[in-house]
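The values are calculated or read from the model by the stated rules, or taken from the named source; none is laboratory data. What you see is a predicted model; the values in this text were computed from it and never measured. So basically every Cβ, Gly included, is an ideal-geometry build from the backbone, and we count neighbours across all protein chains shown. Ligands, DNA and RNA are stripped out before the accessible areas are found, and what is left, the full protein with its side chains, is counted by its heavy atoms. Shrake-Rupley method; radii C 1.70, N 1.55, O 1.52, S 1.80 Å.
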Amino acid sequence: MHVTVVGSGYVGTTLAASLADLGHEVTAIDIDETVVETLNDGSAPIHEPGLDELVANHAGDRLTATTSYEAIPNSDLTFLAIQTPSNSDGSLDLDALAAATEMTGEALTNAPRGEGRDADDRHLVVVKSTVAPPALTELREALASGLGTHDVTAAADDSDGNAADRVELATNPEFLREGTAVTDFRDPDKVVFGTEAGWALDRLESLYEPLTAETDAPIVRTDPETAMMIKYANNAFLAAKISLVNDLGNVCKEFGLDAYEVMEAIGLDDRISERFLRSGVGWGGSCFPKDVSAIIAASREAGYDPALLNAAVEVNDHQPDRLLGLLDDHVDVADKRVAVLGLAFKPGTDDTRNSRAIPVIEGLLDRGAEVVGYDPVATANMRERFPDIEYAADAAEALTGATGALVVTDWDEFAALDEELETMAEPVVIDGRRAITRREGIVYEGLTW
Ligand code: UDX
């Protein structure tokens, strides 16, 4: 099939390159000329393991990039993978996505009919960006406005040549994790198609057929709004699961118990499962914080304030304070050098968005500490946020002379730290991820153990 992907950020690039790898002809559209050039030169504009290789394999062949929307009418379907930044109340700023949706409509209306369309001249617009279900109404309106009509129906199974009847808006949420997005795409837990139009569903099924044929991933077929809610409920559930584990972990700590021993046992209950039970300094990244805030904001807008989701955020916001509180119990860090080990929001990525390291560093600076941060790959990104703190080339350098070390990301290499811990001025280690294995000869505190 011929596919257009509008937006070459994290999700769009992974999708475009992965669809090319499945055998489709993919045109990636982005307004940023540098991104377009990077893709056409055969490199990925973002860091994601395995992505550079996919782009290099298919660029100039099945994967091309452009700044023009002209490719849209000649493709079978268009994915919208445009950023939706958060407003201060957690709700999403849909301006860029709505503008891209409208431009997609315009491109479909204006362009001469080309090859590659089906006999009915239909086009499927698939929202890949995560938006709250009520926002789909706004996107349908944007599409209709671009098409020059005000009536993009939810289900138009027969075509009379009218632009609105031949264009359908569907959703197809993504569940990719950073650091494993390429392999997650190839081996998903589920694929979710949100459309009520038969022809649109057929088109999505054909698109994913090379993938669904090689995995046993179940396909969930539902309406566009429910598909988006599945995405939000999925992420909110996982984020709340970790917050519940952190809440219980804090209780364990107060009782002098080891939360990991407790969680290992409750994970044996297959209704709970052993995954996502790692308590500590909390969740960060681009998805959980943003998605939980967005679904809370959209729900409040609709008149319901979701108590448990609010609590999940509150627990998460509080975990860095608990970590700092444990440090305060042992040392006064004013004017002292303190090491922060791990700056990325999780291991395996250079992404520092909503990393728990941010509130931890802020808390240390508030205490007057001299902060030295270390991360194997995320230093450059954290430097943009905190240009004035010191960054070490390795963990050993960060620890040398430090009064206290806070572990924020569970990079594997921290498990091997041993003699390096002896070079600290005061070897007080507060571990927010259960990453450190050495205990002897140092003051060691686990956040929930
Ligand atoms: C997540 C979802 O897993 C993915 O399905 C969705 O599409 C995007 O959001 P990602 O943000 O890449 O993916 O990371 P993930 O591995 O899920 O971790 C999220 C955060 O939770 C990290 O900060 C991690 O450190 C934290 N976490 C995870 C815990 O604190 N404890 C755990 O047991 C698991």
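Brief remarks on what is shown
- When restricted to residues that are assigned to a helix (DSSP H, G or I) and surrounded by fewer than 18 Cβ atoms within 10 Å (Cβ to Cβ), the range 209-224 contains 3.
The rows are residues; the columns are (1) modelled with pLDDT of 95 or more; (2) surrounded by fewer than 18 Cβ atoms within 10 Å (Cβ to Cβ); (3) under 16 Å from Val333 (Cβ atoms).
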| residue | (1), (2), (3) |
| --- | --- |
| Asp366 | yes, yes, yes |
| Ala369 | yes, no, yes |
| Gly373 | yes, no, yes |
| Met382 | yes, no, no |
| Tyr391 | yes, no, no |
| Ala396 | yes, yes, no |
| Ala402 | yes, no, yes |
| Ile430 | yes, no, yes |
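- The listed residue being farther than 30 Å from Thr109 by Cα, surrounded by fewer than 17 Cβ atoms within 10 Å (Cβ to Cβ) and in the same structural domain as Ser18 (by TED's automatic domain parsing), out of Asp184, Asp189, Asp202: Asp189
Conditions tested, residue by residue: (1) away from the ligand (no atom under 16 Å from the Cβ); (2) modelled with pLDDT of 95 or more; (3) over 29 Å from Asp350 (Cβ atoms).
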| residue | (1), (2), (3) |
| --- | --- |
| Thr180 | no, no, no |
| Lys190 | no, yes, no |
| Thr195 | yes, yes, yes |
| Gly198 | yes, yes, yes |
| Leu207 | yes, yes, yes |
| Ala213 | yes, no, yes |
| Ala217 | no, no, no |
| Val220 | no, yes, yes |
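- Pick from the range 299-318, criterion open to solvent by 50 Å² or more (accessible area, probe 1.4 Å) and in a loop (DSSP other than H, G, I, E, B), ranking: farthest from the ligand (Cβ to nearest atom): Gly303
- Which numbered condition Asp350 fails, given (1) of a type in the set (Asp, Glu); (2) away from the ligand (no atom under 13 Å from the Cβ); (3) not in a helix (DSSP H, G or I): (2)
- Output for the range 23-53, where each listed residue is in contact with a Lys or Arg (Cβ under 9 Å, 6 or more places away or on another chain) and either crowded, with 19+ Cβ neighbours inside 10 Å or in a helix (DSSP H, G or I) (or both): His24, Glu25, Val26
- Taking the range 235-265 as the range and being within 13 Å of the ligand (Cβ to nearest atom) and open to solvent by 40 Å² or more (accessible area, probe 1.4 Å) as the test, the residues that pass are Phe237, Leu238, Leu244, Asp247, Leu248, Glu264.
- Flag if Ile296 is open to solvent by less than 30 Å² (accessible area, probe 1.4 Å), away from the ligand (no atom under 13 Å from the Cβ) and under 13 Å from Val408 (Cβ atoms): no
- Each residue in the range 47-58 was checked for being over 14 Å from Gly348 (Cβ atoms) and in contact (Cβ under 8 Å) with a residue 12 or more places away in the chain, and 5 pass.
- Counted residues, the range 266-287 - those being within 15 Å of the ligand (Cβ to nearest atom), under 26 Å from the mean Cα position of the chain (by Cα) and open to solvent by 30 Å² or more (accessible area, probe 1.4 Å): 7
- Cβ-Cβ under 9 Å pairs, at least 6 apart or on other chains, the range 165-182 side of a type in the set (Ser, Thr, Tyr), far side within 13 Å of the ligand (Cβ to nearest atom) and open to solvent by 20 Å² or more (accessible area, probe 1.4 Å): Thr180/Pro49; Thr180/Gly348
- Selected residue (only one of Asp332, Asp321 is among the charged types (D, E, K, R), touching a Gly at 6+ places or on another chain (Cβ under 8 Å) and away from the ligand (no atom under 12 Å from the Cβ)): Asp321
- Selected residue (only one of Asp321, Asp332 is open to solvent by 40 Å² or more (accessible area, probe 1.4 Å) and either within 16 Å of Val407 (Cα to Cα) or in a helix (DSSP H, G or I) (or both)): Asp321
- Residue among Ala98, Ala56 that is open to solvent by 10 Å² or more (accessible area, probe 1.4 Å), assigned to a helix (DSSP H, G or I) and either modelled with pLDDT under 95 or within 20 Å of Thr149 (Cβ to Cβ) (or both): Ala98
- Any hit, the range 322-343, residues being modelled with pLDDT of 95 or more and under 25 Å from Tyr232 (Cβ atoms): no
- Within the range 263-296, tally of residues that are in a loop (DSSP other than H, G, I, E, B), of a type in the set (Phe, Trp, Tyr) and under 18 Å from Asn310 (Cα atoms): 1
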